[in-house]
Amino acid sequence: MIGGKALAVYRKELRQIARDRRTLLILVFVPAFFLLLYGYALNWDIRHIALAVVDRDGTYESRALVASFVNSGYFDRVADVHGPAEIDRLLDLNVARAALVIPENFGRDLSNGLRPQIQVIINGDNANTATTVMGYAGSIVQSAGAALAEGELRAPPVSIEPRIWYNPELRSTLFLVPGLIAYILMITAVISTAISIVREKETGTMEQVRMAPIDTFSFVVGKSIPYFLISLTSAALIVFAAMLLFGLPMRGNWFSLLVAVSLFIAGALGQGLLISTVAETQQVAFQAAMLSSFLPTLMLSGFIFPISSMPVALQVITYAVPARYFLIALRGIVLKGVPIGLLTPQLAALTAYALFMLTLASVRLARERG
Amino acid sequence: MTAAIEVRHLTRRFGQFVAVDDVSFDVEAGEIFGFLGSNGAGKSTTIRMLCGLLKPTSGAATVGGVDVNTDPEGVKRRIGYMSQRFSLYELLTVDQNIAFFGGIYGLDDAALEERRAFVIQMAGLEGRENTLARDLAGGWRQRLALGCAILHEPAILFLDEPTGGVDPLSRRQFWRLIDDLSKKGVTVLVTTHYLDEAERCHRVALIHAGRLAAIGTTAEVKRVFADRPILEIRAGNPVEAMRQLDAMQEVESTSLFGTAVHAVLRSRAPAADDIRARLTRSGVRVHSVTPVAPSLEDVFLDVIDRAGNRAGSAA
């Protein structure tokens, strides 16, 4: 039940956006650009680790072990060295990130059923990377060792065969892309609405509109619907791009996705409106929009840093970050195919966020006009 | 006949600052009423209260018979407003701007089409319907902004410094439009600090430091100089002439008008020749001393001068 006045505002806004190349570019292409940039740069998978090899044994078995490191795809053999001093030098120069040291008699001990020790040295300057590398090395040694000892060692009575669901290759991209979608949508929706209204304040058209007998509701509706539609388009664009470029699956229901995205955008638009009632210049609006959308979404939503490992105080704050709920819903729908019924708490939280922001913004706008 | 605008003891404070201080006046229907004052004198604040945009701290006002305190939305339906910024949407065409403002004033399609044709014709924008507002020259922008403000045919029109930054020819054209509107019965309240424009108003009100300092036709407000003749002195060194004149008993005040000096005398007593002789004696090369009729600018400076003296004697 959009009235004629809201329709007039809606038409005007669409026409303005259509002619404002810069805004259009920001709204449609920057999100896609962000996706590419972050999608390729934000990747925790570690490959091609430069490996120095010290093979003191020189037997078939030791060479087989080295080969299984190289064949795993995680390690590149960059140097063969002979002593600890050389290892130090290579690690210091960052020529090698890790070193594999195979002691003398490795092959013989293995044949004799002993458990020979090998040494893996890892550059620990980046703790995350080091942990991951250690994990790779451990599993390579385990499987290679088992293969080499086959026939002479009894197979272990119980063995673990891990299977990881939803993201079997443990590609961090699949985990990150939904976060990226939230992050990009939040920023563009909040900034574009905030700026569009503050710009009207700056050029004086806002005052002209206030002089007209148009109610706040019609104004807000007419003003937000174009941005809502554009944000939705931009959301569709990044979801499809993520599927095409990063192999993002769609295991759930498109309708559920639409509901979650719509609620999230509605809240973000409300937040933009709210900012526009406080800010008087586009610069202030831009900064407020950036700070209020970008930081919490990046840090406190579970996009990059798991909420469960945050200090309790921060964990409490994350409950006020809408992206937190959106991310759970988005990952659930896209990666796991979770039915919409199970996402009720998240969708309820997003609804509350949208209602809260839109109401507060309307009240403030109405007061400003009165 | 009831007044189109009635203002009674209107006051607006912003914290400690009194922007509009106990202002009362009436504007008759069809009148062009000029609101004069320097920047920050309280003109815009008064207009904003009369347009239902700002709540008065105290006092009352009706616009078109509607109380601004109790029904600001009703006021908005009856008035047109145009500000010094000619607030148009730069990225919309002439037609699209008209369609938008018509839309938010609730015009239906038939009415909009009729008014659109009128505004295009009035503003002389035939053939430019699809030009972006930002590509229009000042005069056209101004007339388009006026057109957008009267799309809904308001009986009362508020113009807040409507001619700023516009060339003289466009200003004259604009005032012709205002005259036409007034002849059709539209009440126009216009603020300006161009005093030549004030001469085109039926009545003017001078506002200074939030208070109404004078009101009436331009002839009426000039009557403050009935007993105080004004001499225009042209001299080789106007600044020195001013210094000498200020020192004279019978000179109340002096001010610079271009290269000439206006001296307001305390009474009709001294003749121009006497003043001229005394100036020459003190070494000023005098070209001419002539009695002149007071201009609105003289009235305006006099108002400020007297307000300054009042503040001075109070302190």
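Nothing in this text is a laboratory measurement; each read-out follows from the coordinates by a stated rule. What you see is a predicted model, and the numbers here were worked out from it, not measured in a lab. When we count neighbours, we look across all protein chains shown, and the Cβ atoms used for this are built from the backbone with ideal geometry, even at glycine.
Within 10 Å of each residue's Cβ, count the other Cβ atoms and sort B:T217, B:T46 from fewest upward.
Working: B:T217 12, B:T46 29.
In increasing order of surrounding Cβ atoms, one gets B:T217, B:T46.
Per-residue mean of other chain beta-carbon atoms within 10 angstrom of the beta-carbon, peptide B:87-96? Kindly include the intermediate steps, with their values, before the conclusion.
Numbers: counts 9, 4, 9, 6, 8, 6, 2, 0, 0, 5.
Per-residue shielding by partner chains comes out at 5.
Calculate one ³J(HN,Hα) per residue across the stretch A:316-323 by plugging θ = phi - 60° into the Karplus curve 6.51 cos²θ - 1.76 cosθ + 1.60, and present them in order as whole Hz with x for glycine and proline.
Computed from phi, the couplings for the stretch A:316-323 are 5, 4, 4, 5, 8, 9, x, 4 Hz.
So, R0 is 51 Å and r is the distance between the beta-carbons of B:Q249 and B:T2; what FRET efficiency does that work out to, to 0.05?
Between B:Q249 and B:T2 the formula returns 0.55.
Given the convex hull over the Cα atoms of the stretch A:281-345, what projected area results after averaging over all orientations, in nm²?
On the way: hull surface 22.4 nm².
With every direction weighted equally, the projected area is 5.6 nm².
Would you list which aspartates and glutamates come within 15 Å of B:K183, measuring only between C-alpha atoms, while excluding same-chain residues fewer than 8 positions from it?
Candidates past the 8-residue exclusion: B:E28, B:E31, B:E153.
Please name whichever of B:G34, B:A111, B:M49 sits farthest to the positive end of the charge dipole of the stretch B:4-111, dipole taken about the Cα centre and charges placed at Cβ: Lys and Arg +1, Asp and Glu -1.
Checking the options against the dipole of the stretch B:4-111, the answer is B:M49.
Show the residues, 5+ positions off or on another chain, whose built amide H is closer than 5 Å to the amide H of B:I207.
Here B:L36, B:G37, B:A213 satisfy the definition.
Quick one: plug the Kirkwood hydrodynamic radius of the stretch B:159-201 (C-alpha pairs) into Stokes-Einstein at 25 °C, 0.890 mPa s, and report D in µm²/s.
Numbers: Rh = 10.7 Å.
For these conditions, the coefficient is 230 µm²/s.
For chain A, what D do you get in µm² per second when you plug the Kirkwood radius from alpha-carbon pairs into Stokes-Einstein at 20 °C and 1.002 mPa s? Write down the numbers at each step before the final one.
Values: Rh = 24.2 Å.
Answer, rounded: 88 µm²/s.
Using +1 on the beta carbon of Lys and Arg, -1 on that of Asp and Glu, and nothing else charged, what's the dipole of chain B about the Cα centre, debye to 20?
About 760 debye.
Across the residues of A:214-221, average count of Cβ atoms on other protein chains within 10 Å? Write down the numbers at each step before the final one.
Values: counts 6, 1, 0, 0, 2, 1, 0, 0.
Across A:214-221, the average partner-chain Cβ count within 10 Å equals 1.
Averaging over every viewing direction, what projected area does the convex hull of the Cα atoms of the stretch A:191-265 cover, in nm²?
Numbers: hull surface 25.2 nm².
Value for the stretch A:191-265: 6.3 nm².
Select from A:F326, A:F69, A:F286 the residue whose mean-square fluctuation is largest in a Gaussian network model of chain A (Cα-Cα springs shorter than 10 Å).
A:F69
Ranked by Cβ crowding within 10 angstrom, fewest neighbours first, how are B:W140, A:W254 ordered? Don't skip to the end; give the middle numbers.
Details: B:W140 20, A:W254 10.
Placing the least packed residue first, the sequence is A:W254, B:W140.
Quick one: work out Rg over Rh on the C-alpha atoms of chain B, Rh as Kirkwood radius. Kindly include the intermediate steps, with their values, before the conclusion.
Numbers: Rg = 22.9 Å, Rh = 21.6 Å.
Across chain B, the Cα-based Rg/Rh ratio is 1.06.
Which one, B:S267, B:V18, B:A226, projects farthest toward the positive side of the charge dipole computed for chain B from Cβ point charges (K/R +1, D/E -1)?
After comparing all options, I get B:S267.
Would you kindly calculate the mean projected area, averaged across all directions, of the convex hull enclosing the Cα atoms of the stretch A:49-148, in square nanometres? Let's see the in-between values first.
Values: hull surface 22.9 nm².
Mean projected area of the Cα convex hull: 5.7 nm².
Please list the radius of gyration and Dmax for the stretch B:1-58, considering alpha-carbon atoms only, with Å as the unit.
Cα radius of gyration and Dmax of the stretch B:1-58 are 11.7, 38 Å respectively.
Taking the stretch B:163-236, how much of its Cα-Cα pair set, in percent, is spaced more than 18 angstrom apart? Please list the in-between numbers first.
Numbers: 1469 of 2701 pairs.
Result: 54 percent of Cα pairs exceed 18 Å.
Which aspartates and glutamates, if any, have their Cα less than 19 Å from the Cα of A:K201, not counting same-chain residues under 8 positions apart?
A:E13, A:D20, A:D215, A:E280, A:E368, B:E90, B:D160, B:E161
Among the lysines, select those whose C-alpha is under 16 Å from the C-alpha of B:K76, and discard any that sit fewer than 8 residues away in the same chain.
A:K5, B:K55
Expressed as a whole percent, how much of the Cα-Cα distance distribution for the stretch B:172-315 exceeds 25 Å? Numbers along the way, then the final one.
Values: 4029 of 10296 pairs.
Value for the stretch B:172-315 (Cα pairs over 25 Å): 39 percent.
What residue among A:L327, A:L114, A:L300 has the largest mean-square fluctuation in a Gaussian network model of chain A, using Cα springs under 10 Å?
A:L114
Which value, in debye to the nearest 20, gives the size of the charge dipole of the protein assembly as shown about its Cα centre, when Lys and Arg are +1 and Asp and Glu are -1 at the Cβ?
740
So how strong a dipole does the stretch A:1-128 carry about its Cα centre when Lys and Arg Cβ are +1 and Asp and Glu Cβ are -1, to the nearest 20 debye?
Approximately 1480 debye in magnitude.
Within 10 Å of each Cβ of B:72-84, how many other protein chain Cβ atoms are there on average? Mind dumping the intermediate values first?
Details: counts 3, 5, 1, 2, 5, 2, 1, 3, 2, 5, 2, 5, 1.
Mean partner-chain Cβ count within 10 Å for B:72-84: 3.
At q = 0.08, 0.09, 0.10 Å⁻¹, what base-10 log of I(q)/I(0) does the Debye formula yield for the protein assembly as shown when every alpha carbon is treated as an equal point scatterer in vacuo?
Those come out to -0.79, -0.90, -1.02, one per q.
Among B:Y81, A:Y353, which comes first, second and so on when ranked by fewest other beta-carbon atoms within 10 Å? Could the numbers behind the result be given before it?
Values: B:Y81 26, A:Y353 23.
Sorted ascending by nearby Cβ count, the order is A:Y353, B:Y81.
In whole Hz, with x marking every Gly and Pro, tabulate ³J(HN,Hα) for the stretch A:198-204 from phi via Karplus 6.51 cos²θ - 1.76 cosθ + 1.60, θ = phi - 60°.
Once θ is set to phi - 60°, the couplings for the stretch A:198-204 become 5, 4, 5, 5, 5, 7, x Hz.
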